[in-house]
Amino acid sequence: MTDYMPWHDDEPLAEESLSLETSPPPDWPPPGSPDIVIARAVTPRPITEVAARLGIAPSDLLPYGHTKAKLPHAFTDDLAERPRGKLVLVTSITPTPAGEGKTTATVGLGDGLNRLGHRAAICLREPSLGPCFGMKGGAAGGGRSQVIPMEDINLHFTGDFHAITSAHNLLSALIDNHLHWGNELNLDPERITWKRAMDMNDRALRHLTVGQGGQSVPRSDGFDITAASEIMAILCLAHDLDDLQRRLGEIVVARTRDGGPILARDLKADGAMATLLRQALAPNLVQTLEHNPAFVHGGPFANIAHGCNSVMATRSALALADVVVTEAGFGADLGAEKFFNIKCRQAGLAPNAVVVVATLRALKMHGGVAKEALDQPDPQAVRRGTANLARHVENIRSFGVPLVVAVNQYDQDSDEEHAVLREACEAMGVEMTVSSHWRDGSAGSEALAERVAALLDAPTTAPTLTYADETSLVDKVRSIATRLYGAADISLEDRARRQLEEYEALGYGHLPVCIAKTQYSFAADPELRGLVEGHVLPIREAELAAGAGFVVILCGAIMRMPGMPRHPASDGMRLDEAGEIEGLS
């Protein structure tokens, strides 16, 4: 791949600047050790050294200590006119409690490409505190394919989530302040659509009443988790600071008593919100366990939001690296669909290849095996489960991008099960590569990296999107449901129908749709695993995200403020005698 040389140099990188120390340290913990233990076995390189691999000078960094940094806006503005490298999207089959390891695969693939001599970077989303302390855990990879410093990334990191939460709640405060001081805009308190936000799973905050005690106007309100905030989506889709402030001003927060829209700009909130988000918009740079560059920026969930890291981070990485590997949340029916139909549509991105991640364990669950029995070989269950994989492969092909199936290897996998999956992939006409990056780091992902590198030789073409801008909002939803989910049709509750008609009457009918549904099924019922066909997708309501540039479609029982499980992950977290964190994963 000699044609993928760094865009900002006249000569290829010196051999010494591409070298890697991939051998594990003498005291490397054995596979299966807690992720935090494995992460601590590696001494991070100074972030200036990691940045230098991309040609970034120390003066072009905003350091957050020795192992984290942001790229300042003056620097990212200068990157805008550079040619872009090749872009690889990592997605997966429908998630199961068995785990698929999409983020781990993204890190492993990035390390593998660097091991082969390509200048590669990865782009991930930032973890939310809600899942970290709830059920899902952290989102910094796993095993020997992680980004570090793992504790910082999974917790407060560079404060981006806090800035988003603050900007969101500033707008909430200004709405109620406007009501308190006479309501000059004639805002209807019963038609305020802007909620409050917090980066924690807290079902008790879904519905509440504010303004009690005689100091403000009492009204119904509630909280969304920060990952579902429109501010998060705006930060992740904004092209630069000017675009950020423009989008913030276009947020529709309420209606007047006459039915007209009230924008954040009408409340003079956009400028103040932008000041809170100025630093947060700058992409974050960290490193993998093998000291390769990783951009970790933005954190929308894919089941209740659009599920992609920031446009700023992706574009910056593409201007600095030959190959950029990024992931989109949950299965391809959610994250990948929104990556193409929302992020690519708005940012002009064109992926060169897609990796669909699967595990034999997850395929067995889709084939009807209970979680407790997944360690037992069951080739026939794998065969049944490949129907789910086949639907995702077909969906990715509909976007016109070449793909490969990556199998995250587990020690319990059997040769017969792999043979069944390989046979199924051959029948689909797609290559399958087994990767052991979780256990072996880049040494285990070389075969996958070689296959992906070969796909990048094909000419880049714009992806084929699922629907056109001029398609009605209802038909956009129907297109996704029938073409990608296998549904027979959609059903609209009266409230959802009225909302979509109103958005079109207000001039927002050209926007793409962001479907919020369970990640565990092609249907709205999380219990329907495997290949689900002929169902009807129930649409409960819609929410306008005019600043982000899409319309959220809420399906079934999906909530924008999750709850915690009976035994949350926080139960096992503590500080040890030395003040180090234990139990974070």
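Counting only residues that are under 18 Å from the mean Cα position of the chain (by Cα), part of a loop (DSSP other than H, G, I, E, B) and within 18 Å of TYR467 (Cα to Cα), the range 495-532 holds 1 of them.
Across the range 311-330, not a single residue is classified as under 19 Å from LEU484 (Cα atoms), part of a loop (DSSP other than H, G, I, E, B), open to solvent by less than 10 Å² (accessible area, probe 1.4 Å) and modelled with pLDDT of 95 or more.
Please tell me if ASP489 is more than 27 Å from ALA227 (Cβ to Cβ), touching a helix residue (DSSP H, G or I) at 6+ places or on another chain (Cβ under 8 Å), without any contact (Cβ under 8 Å) to a residue 60 or more places away in the chain and surrounded by fewer than 19 Cβ atoms within 10 Å (Cβ to Cβ). Here the answer is yes, as ASP489 does meet what is asked. Here ALA424 qualifies as within 25 Å of GLU527 (Cα to Cα), open to solvent by 10 Å² or more (accessible area, probe 1.4 Å) and in contact with a Ser or Thr (Cβ under 8 Å, 6 or more places away or on another chain).
Name every residue in the range 380-401 that is more than 12 Å from THR94 (Cα to Cα) and open to solvent by 20 Å² or more (accessible area, probe 1.4 Å), in order of residue number. Within the range 380-401, GLN380, ARG383, ARG384, GLU394, ARG397, SER398, GLY400 qualify. Taking the criterion of being open to solvent by 20 Å² or more (accessible area, probe 1.4 Å) and of a type in the set (A, V, I, L, M, F, W, C), the residues of the range 168-181 that qualify are LEU170, ALA173, LEU174, TRP181. You will find that of ALA358, ALA350, ALA336, the residue that is open to solvent by less than 20 Å² (accessible area, probe 1.4 Å) and either without any contact (Cβ under 8 Å) to a residue 24 or more places away in the chain or within 22 Å of SER479 (Cα to Cα) (or both) is ALA336 and no other. If you go through the range 456-494 and keep only what is over 27 Å from LEU403 (Cβ atoms), of a type outside the set (A, V, I, L, M, F, W, C) and not in a helix (DSSP H, G or I), you end up with GLU470, SER472, ASP489, SER491, GLU493.
Any residue in the range 307-326 that is of a type in the set (Lys, Arg), out of contact with any Phe, Trp or Tyr (no Cβ under 9 Å at 6 or more places or on another chain) and farther than 18 Å from ALA120 by Cα? Checking the range 307-326: not a single residue is of a type in the set (Lys, Arg), out of contact with any Phe, Trp or Tyr (no Cβ under 9 Å at 6 or more places or on another chain) and farther than 18 Å from ALA120 by Cα. The helices (runs of 4 or more DSSP H) located wholly in the range 45-134 that include 2 or more residues which are of a type in the set (Gly, Ala, Ser) occupy 47-52, 102-115.
The rows are residues; the columns are (1) open to solvent by less than 40 Å² (accessible area, probe 1.4 Å); (2) under 25 Å from PHE161 (Cα atoms); (3) of a type outside the set (Val, Ile, Thr); (4) assigned to a strand (DSSP E or B).
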| site | (1), (2), (3), (4) |
| --- | --- |
| PRO189 | yes, no, yes, yes |
| MET200 | no, yes, yes, no |
| ALA204 | no, yes, yes, no |
| GLY214 | no, no, yes, no |
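Residue pairs whose Cβ atoms lie under 8 Å apart, separated by 6 or more positions or on different chains, with the first residue in the range 389-409 and within 19 Å of ARG483 (Cα to Cα) and modelled with pLDDT under 95 and the second crowded, with 19+ Cβ neighbours inside 10 Å and not hydroxyl-bearing (Ser, Thr, Tyr), do not occur. Residues of the range 135-161 that are more than 25 Å from ALA274 (Cα to Cα) and outside any strand (DSSP E or B): MET135, LYS136, GLY137, GLY138, ALA139, ALA140, GLY143, ARG144, PRO149, MET150, GLU151. Of the listed requirements (1) under 21 Å from ILE122 (Cα atoms); (2) out of contact with any Gly (no Cβ under 7 Å at 6 or more places or on another chain), LYS338 misses just one: (2).
Checking each residue in the range 70-107 for being under 17 Å from the mean Cα position of the chain (by Cα) and small (Gly, Ala, Ser) picks out SER92, GLY99, GLY101, ALA105. Is one or more of the residues making up the range 155-165 among the β-branched types (Val, Ile, Thr), closer than 22 Å to ILE38 by Cα and more than 14 Å from the chain's Cα centre (by Cα)? There is no residue in the range 155-165 that is among the β-branched types (Val, Ile, Thr), closer than 22 Å to ILE38 by Cα and more than 14 Å from the chain's Cα centre (by Cα).
Selection of the range 519-540 for residues being under 25 Å from ARG206 (Cβ atoms), in contact with an Asp or Glu (Cβ under 7 Å, 6 or more places away or on another chain) and open to solvent by 10 Å² or more (accessible area, probe 1.4 Å) yields only ARG540. Taking only pairs six or more apart or across chains, which ones have beta-carbon atoms under 9 Å, a first residue in the range 57-84 that is touching a residue at least 24 places away in the same chain (Cβ under 8 Å) and open to solvent by less than 20 Å² (accessible area, probe 1.4 Å), and a second residue that is basic (Lys, Arg) and in a helix (DSSP H, G or I)? Close Cβ pairs satisfying both conditions: THR76/ARG315; LEU79/ARG315. Which of the residues spanning the range 156-178 are in contact with a Leu (Cβ under 8 Å, 6 or more places away or on another chain) and either modelled with pLDDT under 95 or aromatic (Phe, Trp, Tyr) (or both)? Selection gives PHE161 alone. Among the residues of the range 175-228, write down those that are within 28 Å of ARG125 (Cβ to Cβ) and of a type in the set (Lys, Arg). LYS195, ARG196, ARG203, ARG206, listed by residue number.
Checking ALA272, ALA282, ALA254 one by one, the residue that is at pLDDT 95 or above, surrounded by 21 or more Cβ atoms within 10 Å (Cβ to Cβ), among the aliphatic types (A, V, I, L, M) and under 30 Å from LEU71 (Cβ atoms) is ALA282 and no other. Within the range 556-571, the set of residues being surrounded by fewer than 22 Cβ atoms within 10 Å (Cβ to Cβ) and either in a strand (DSSP E or B) or not acidic (Asp, Glu) (or both) comprises GLY556, ALA557, ILE558, MET559, GLY563, MET564, PRO565, ARG566, HIS567, PRO568, ALA569, SER570. Restricting ALA443, ALA447, ALA454 to residues that are open to solvent by 20 Å² or more (accessible area, probe 1.4 Å), more than 22 Å from GLU290 (Cα to Cα) and among the hydrophobic types (A, V, I, L, M, F, W, C) narrows the list to ALA454. Going by the structure shown, is GLY547 more than 13 Å from ASP333 (Cβ to Cβ), open to solvent by less than 60 Å² (accessible area, probe 1.4 Å) and in contact (Cβ under 8 Å) with a residue 24 or more places away in the chain? For GLY547, the condition - more than 13 Å from ASP333 (Cβ to Cβ), open to solvent by less than 60 Å² (accessible area, probe 1.4 Å) and in contact (Cβ under 8 Å) with a residue 24 or more places away in the chain - is met. Of the set (1) within 19 Å of ALA269 (Cα to Cα); (2) open to solvent by 50 Å² or more (accessible area, probe 1.4 Å), all apply to THR165 but (2).
The values are calculated or read from the model by the stated rules, or taken from the named source; none is laboratory data. Owing to the predicted nature of the structure, the values given are computational and were not obtained by experimental measurement. Every residue, glycine as well, gets a Cβ built from its backbone with ideal geometry; the counts of neighbours run over all protein chains shown. Areas reflect the complete protein model, heavy atoms only, side chains present, ligands, DNA and RNA absent. Shrake-Rupley method; radii C 1.70, N 1.55, O 1.52, S 1.80 Å.
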